[in-house]
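Comments concern the structure below.
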Amino acid sequence: MNSENFGLSEKLVSSSYIRQGSQARRSHEQLIRHLLEQGKCPEEGWSESTVELFLSELAVMDSNNFLGNCGVGEREGRVASSLVARRHYRLIHGIGRSGDIAAIQPKAAGSSLLNKLTNSVVLDILKLSGVRSVASCFVVPMATGMSLTLCFLTLRHRRPKARYIIWPRIDQKSCFKAMITAGFEPVVVENLLEGDELRTDLEAVERQITELGAENILCVHSTTSCFAPRVPDRLEELASMCAKYDIPHIVNNAYGVQSSKCMHLIQQGARVGRIDAFVQSLDKNFMVPVGGAIIAGFDESFIEEISKMYPGRASASPSLDVLITLLSLGANGYKKLLSVRKEIYLLLAQELKSLASAHGERLLHTPHNPISLAMSLDGLQAESDKAVTQLGSMLFTRQVSGASERMSCVLANKPARGKKGGAEAISQMDLLNMAERELLKLIRPAILLGASPNLSGCFH
């Protein structure tokens, strides 16, 4: 409805009512105008009606939704199921072109605008979350592992002789496979045990650089978000080292956007040294379906180079999901989630420490890890090699997910010792049931409080 149509409507319905409806329409359009002007996440979240109006306006700009459109090519936005069309708000063409995921599509002005706005809004959120000097980013319809691979493949063109990627160890398969898939040889650097924490061995990293030769190293592949007792890598020192030896530096920031500490490390690393790109998951940080990531960096030309490395067009679903989410939350809503995550993390640490003490165990001291917690399970592990895994399965069947059980450093309980001379001892099953009850008391309230995008996954 434009002003002309509203004027015509006054012939059918009282003009005072029509003007009221017109004013209501303008309030929606005003929000959309601010988004287009500023390219930033709105301070306050939009209503669903405003979001749907905006997406409908975008969709009618795509050629597959033109009235009387006659598409004769092989890719004309054809969809057999109306349910599928509605699921995607009829934004069918995807994003990008064959040579660049960020390119404009002549057939899809609406989808292209969606893509540009999403990248702009996400960039604003990265700055709001702590990386103030980030220059560019784009949403890619791949999870974190494949997005890291895309970064490595882009660096190959800049360093064609390089064979190795130096990687301070973190026990996550996707990080390792990302390097292998790109065709490089990971040089695994074991971490140092400092107190309860596993920390970056900087001397070992520099030793590998000198032994292998800087020109033979594609990059240093570091990590922020991780499971305790592992803590984020020493990003400032690694960034300085990369600048010293002129070696690229790629950071796996999978679920670090929600952590001000992780984002501060990236900001400081870029300030004192070199960070070429950092990659983060959409689902872990923004509560959207799995399948998307953000590739960001401090050199706009390098981020553009990565986007052009993506072969072919791409699905718009991850971009659509995160844009809807951020428009609905608004900047203030997202900041509130970050604040609540911190509060619940502190509460969880306090209560878990009390639980551990009550059963002769302890919460490991890992102050450099702002996301994950670890508690010993020495007593339970002493009962049986399978007891630890069994506790995890019991929690899972009671609908508590995200807690990891590890033989070296895990959630636990210490068994009571039976008396000699035939006195009854606590059985392994009794022990497991007791541990389960205590953990459920602790975990479930924290999860139900509606914490962060990754709260249930940060209890390790």
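The values are calculated or read from the model by the stated rules, or taken from the named source; none is laboratory data. It should be emphasised that the depicted structure is a prediction, and the values quoted were computed from it without experimental measurement. All Cβ positions, even for glycine, are placed from backbone atoms using ideal geometry, and neighbour counts span all protein chains on display. For accessibility, only protein heavy atoms count, side chains too; no ligands or nucleic acids. Shrake-Rupley method; radii C 1.70, N 1.55, O 1.52, S 1.80 Å.
Some observations on this one:
- Given K127/K335; K40/K335; K177/K386, the pairs whose alpha carbons are separated by over 21 Å: K177/K386
- Taking all protein chains together, E237, E361 sort by accessible area into E237, E361, largest first [probe 1.4 Å].
- Per residue, the chain exposes 47 Å² of accessible surface when a 1.4 Å probe is rolled over the protein heavy atoms with every protein chain present.
- Farthest toward positive dipole pole in the chain [+1 Lys/Arg, -1 Asp/Glu at C-beta], among L212, I101, Y345: I101
- Assuming charge only on the beta carbon of Lys and Arg (+1) and of Asp and Glu (-1), the dipole of the range 146-228 about its Cα centre is about 660 debye to the nearest 20.
- Compared with the dominant Cα axis of the chain, that is its longest principal axis, helix 202-212 is turned about 70°.
- In degrees, nearest ten, helix 428-448 long axis to first principal axis of the chain (Cα): 30
- Note on the chain: antiparallel DSSP beta bridges, both residues inside, total approximately 50 percent of the bridges counted.
- Counting all C-alpha pairs of the range 180-222, share separated by more than 11 Å (%): 70
- Rounded to 10°, Cα long-axis angle of helix 260-272 versus longest principal axis of the chain: 80
- Restraint check, K284/K308; K173/K244; K173/K353, Cα-Cα greater than 28 Å: K173/K244; K173/K353
- Between the range 237-307 and the range 168-195, the alpha-carbon center distance in angstrom: 17
- Distant-in-sequence amide H partners of S136 (H built 1.01 Å from N, under 5 Å): G297
- About the Cα centre, charge dipole magnitude for the range 3-67 (Lys/Arg +1, Asp/Glu -1 at Cβ), debye: 280
- Per-residue ellipticity at 222 nm computed for the chain from its helices equals -15500 deg cm²/dmol, with DSSP H segments shorter than 4 residues left out and the rest contributing -39,500 (n - 2.57).
- Derived from the Cα gyration tensor, the three semi-axes of the equivalent ellipsoid of the chain are 45, 31, 19 Å, largest first.
- Less than 5 angstrom separates the built amide H of L198 from those of R230, V231, all sequence-distant by 5 or more or on a different chain.
- Relative contact order (%) - criterion: Cα under 8 Å, at least six apart; region: the chain: 16
- Working note: Cα atoms of the range 3-67, range along each principal axis, descending, whole Å: 39, 33, 20.
- The coefficient of translational diffusion for the range 109-330, derived via Stokes-Einstein from the alpha carbon Kirkwood radius under 4 °C and 1.567 mPa s, stands at 74 µm²/s.
- Relative to the globular-protein estimate of 2.2 N^0.38 Å, the Cα radius of gyration of the range 227-379 stands at 1.24.
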